[in-house]
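Scroll down for the structure; my scribbles are underneath it.
The values are calculated or read from the model by the stated rules, or taken from the named source; none is laboratory data. Here the structure is a predicted model, which means the values were calculated and not measured. Positions of Cβ are generated from backbone atoms using ideal geometry, with glycine treated the same way; all protein chains shown enter the neighbour counts.
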Amino acid sequence: MDEIIARIVTNLESQLPVSQSFLRDLETLLDFTLNTNDTIDLENFYNELSSRNLSLSLLTNAISSAMDSGLSSRNSILASKVYLSLLLSPNAPVFTLFTPMAFLSLLRAIRLAIKKPSFASGEGSVPPSLGRKKRGRRNIGGNKNRVENRDSVESEAEEGGYDVKDLFFLLDRLEMVMGLVHLDRFPDCLKALVQAVCEIPTTAVEFWGNLVSFRKLCELCARVLSEALRAEHGKQEDTAAVVLKALAPLVLLSKSQVRSFALGFVVNDMVGMCESSSDIKIAVTNMPKYLVQRAPEKAEPRALAVDSIMEIVKALDFEFQSEFADYIIKMSQGKGQFRLLAVDLVPVFITSLRGPLGFDMVDGVENSWGMRLLEALVQRCSDSTAGIRARALTNLAQVVASLSGNEKSRAVLKK
């Protein structure tokens, strides 16, 4: 280990661009320390740096430059692993080693790496451009150029590729580091983290062909987001709002895998957190209204928005559901796009929730919001806009057909 330490220190002294061998040496030293919990070699390394008047910031900057190089995913990922391992090493001077610049470099390395999954491990998928023959005129020079270009690209892919298990390792270690570094002191880092993690599934679904790996990736992203929502990283209401705003475009996507991840995190994870955090609950209860403002006008994406809104509403308590029913009624009297969305929300709202016409008692309060929604839908049947009018008539027929199966409901509908 003494030889490895000597090589690392010599490389730092030379101030040459960081090489892969330098990163491998650091990885070996840190892995040994973490696996054995024996800090003697790492302490010797720190002492050697001190004796040579080499600061820890020089080490951090060297690793950060490797993460930020962008020339090779393999080197960037390796540098990222080294940086996180350094922070997690026993007795590490975390507050000296952690810098916003290095942390942002780490996030950039992860985001770029998502676009270059491993070509050798089989965990990811090869981009369609690799190895694909292009049609064209048959000429010797052209064919030769195409072969050379393809070989060049494949060579770059082999050099820059990495095993996606390393990426899983990174996200797992990132979650652990957040237990040591509270990001309330670095709000820009927290926002960048949330944005990067929320973008990962969207990017991965374009470049990864392995569904199992994609699901694993989403699980790790959810864990990191859950860690970010802890009170140690800042006011939970503000952090939750940042998370939900970043997830909103994913919730409205037509890509089912990405949408399922985002919606599942809101409905399962964040709604669960509402029980212990009133701050998170405030943000989550604002999410359906936020999605209303972002809902597309075209029929198919609008239908997905309605489904997403209702999934969140159903997961929340009756008090909120009643308040949101009143919000839908206000929407039905607003601008055309909101009237149309309200018309689509009413039938789903009435048929999805229990006791819409007030026959059931929920938490001791009579539930009568269904009648108010029906009245709002009936009013839209005479809307000045033909499209809204037609949609309201269709949806009213759907609601009537659904409620007619119950004798009490039929009696109310006749009135």
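When Ala66, Ala92, Ala102 are checked against the criterion of being within 29 Å of the chain's Cα centre (by Cα) and either at pLDDT below 95 or surrounded by fewer than 22 Cβ atoms within 10 Å (Cβ to Cβ) (or both), Ala66 stands alone in meeting it. Restricting the range 145-162 to residues that are buried (at least 19 other Cβ atoms within 10 Å of the Cβ) and more than 30 Å from Pro93 (Cβ to Cβ) leaves a set whose member that is modelled with the lowest pLDDT is Ala157. The residue that is nearest to the chain's Cα centre (by Cα), counting only those in the range 33-56 that are among the small types (Gly, Ala, Ser) and farther than 11 Å from Leu12 by Cβ, is Ser50. Scanning the range 274-288 for residues that are surrounded by 14 or more Cβ atoms within 10 Å (Cβ to Cβ) and either assigned to a helix (DSSP H, G or I) or of a type in the set (Phe, Trp, Tyr) (or both) turns up Asp279, Ile280, Lys281, Ile282, Ala283, Val284, Thr285, Asn286, Met287, Pro288. Can you name the residue in the range 183-229 that is in contact with a helix residue (DSSP H, G or I) (Cβ under 8 Å, 6 or more places away or on another chain) and among the basic types (Lys, Arg) and is also nearest to Lys115 (Cα to Cα) among such residues? Once the filter is applied, the top-ranked residue is Lys216. For the range 163-186, the criterion of being crowded, with 20+ Cβ neighbours inside 10 Å, modelled with pLDDT of 95 or more and in a loop (DSSP other than H, G, I, E, B) is satisfied by no residue at all. Quick one: would you say Glu199 is acidic (Asp, Glu), in a helix (DSSP H, G or I), out of contact with any Pro (no Cβ under 8 Å at 6 or more places or on another chain) and free of Cβ contacts under 8 Å to residues at least 12 places away in the same chain? No, not satisfied. Residue selection: Leu12 fails the criterion of being surrounded by 18 or more Cβ atoms within 10 Å (Cβ to Cβ), at pLDDT 95 or above and more than 31 Å from the chain's Cα centre (by Cα). Can you find a residue in the range 357-368 that is at pLDDT below 95, under 17 Å from Gln398 (Cα atoms) and over 30 Å from the mean Cα position of the chain (by Cα)? Looking for residues that are at pLDDT below 95, under 17 Å from Gln398 (Cα atoms) and over 30 Å from the mean Cα position of the chain (by Cα), one finds at least one in the range 357-368, hence yes. With respect to (1) touching a helix residue (DSSP H, G or I) at 6+ places or on another chain (Cβ under 9 Å); (2) outside any loop (DSSP other than H, G, I, E, B); (3) in contact (Cβ under 8 Å) with a residue 12 or more places away in the chain, the lone exception for Glu297 is condition (2). Here Glu232 passes the criteria (1) touching a His at 6+ places or on another chain (Cβ under 8 Å); (2) surrounded by 17 or more Cβ atoms within 10 Å (Cβ to Cβ) except the one numbered (2). Give the residue, chosen from Asp307, Asp344, that is assigned to a helix (DSSP H, G or I) and either touching a strand residue (DSSP E or B) at 6+ places or on another chain (Cβ under 8 Å) or over 18 Å from Val267 (Cβ atoms) (or both). On inspection, the qualifying residue turns out to be Asp344.
Of Thr239, Thr202, all but one fail to be hydroxyl-bearing (Ser, Thr, Tyr) and assigned by TED's automatic domain parsing to the domain that holds Thr99; the exception is Thr202. Could you say whether any residue in the range 193-215 is modelled with pLDDT of 95 or more and more than 10 Å from the chain's Cα centre (by Cα)? Looking for residues that are modelled with pLDDT of 95 or more and more than 10 Å from the chain's Cα centre (by Cα), one finds none in the range 193-215, hence no. Among the residues making up the range 241-277, a single one is within 17 Å of Val292 (Cα to Cα), small (Gly, Ala, Ser) and modelled with pLDDT under 95: Ser254.
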